[in-house]
Amino acid sequence: MKDLGINCIVIDAADVPATQYEEVMKTDNIDAVKLVKALRKEDLRTVYIREKENLDDRSVVRIRKIIQKIYVFINLVLNICYIVMELKYLINLILQEHIGQTPLLNG
């Protein structure tokens with residue numbers, strides 16, 4: 001909206017001052033009057049809106065963290081596969097030494 005020359009602010013609804021009556025009676029007219037009064041008094045605190053570039057940077061960081069978790073998981077799976085292969089090798093050695101048989105487990 002800034003690009004179109006429209007001055008727009010975003011506020012948290014909880015920051016708009018209201019009387020007890022206004023809190024109970026919720027209508028568009030009452031809400032509009034509350035906003036106008038607060039704007040005239042400059043009594044509104046704006047909410048920070050991130051720039052698009054900032055949002056894109058945050059997305060890249062978020063995706064990077066996901067990729068790191070996937071990488072850790074893949075390494076864990078590969079380590080488990082390596083341990084299984086080592087166990088098969090050791091079982092084959094034990095069978096060869098103590099029983100004198102050819103390996104029962106292949107691969």
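We did not get these values from a lab; they are worked out from the coordinates using the rules stated. As the structure is a computational prediction, the values presented were derived from the model and not from experiment. Cβ: placed from backbone, ideal geometry, glycine included. Neighbour counts: every protein chain shown.
Details
- The chain: equivalent-ellipsoid semi-axes (sqrt of 5 x gyration tensor eigenvalues, Cα, Å): 71, 19, 9
- Adding -39500 (n - 2.57) for every DSSP H run of four residues or longer, then dividing by how many residues the chain holds, sets the calculated 222 nm ellipticity at -20000 deg cm²/dmol.
- Degrees separating the helix 52-94 axis from the principal Cα axis of the chain, which is the longest one: 20
- Of the residues Asn7, Tyr82, Ile30, the one whose Cα sits farthest toward the positive end of the charge dipole of the chain, with +1 on the Cβ of Lys and Arg and -1 on the Cβ of Asp and Glu, is Tyr82.
- Angle in degrees between helix 28-41 and the longest Cα principal axis of the chain, rounded to the nearest 10: 80
- Lys, Arg +1 and Asp, Glu -1 on Cβ, resulting dipole of the chain about Cα centre, debye, nearest 20: 120
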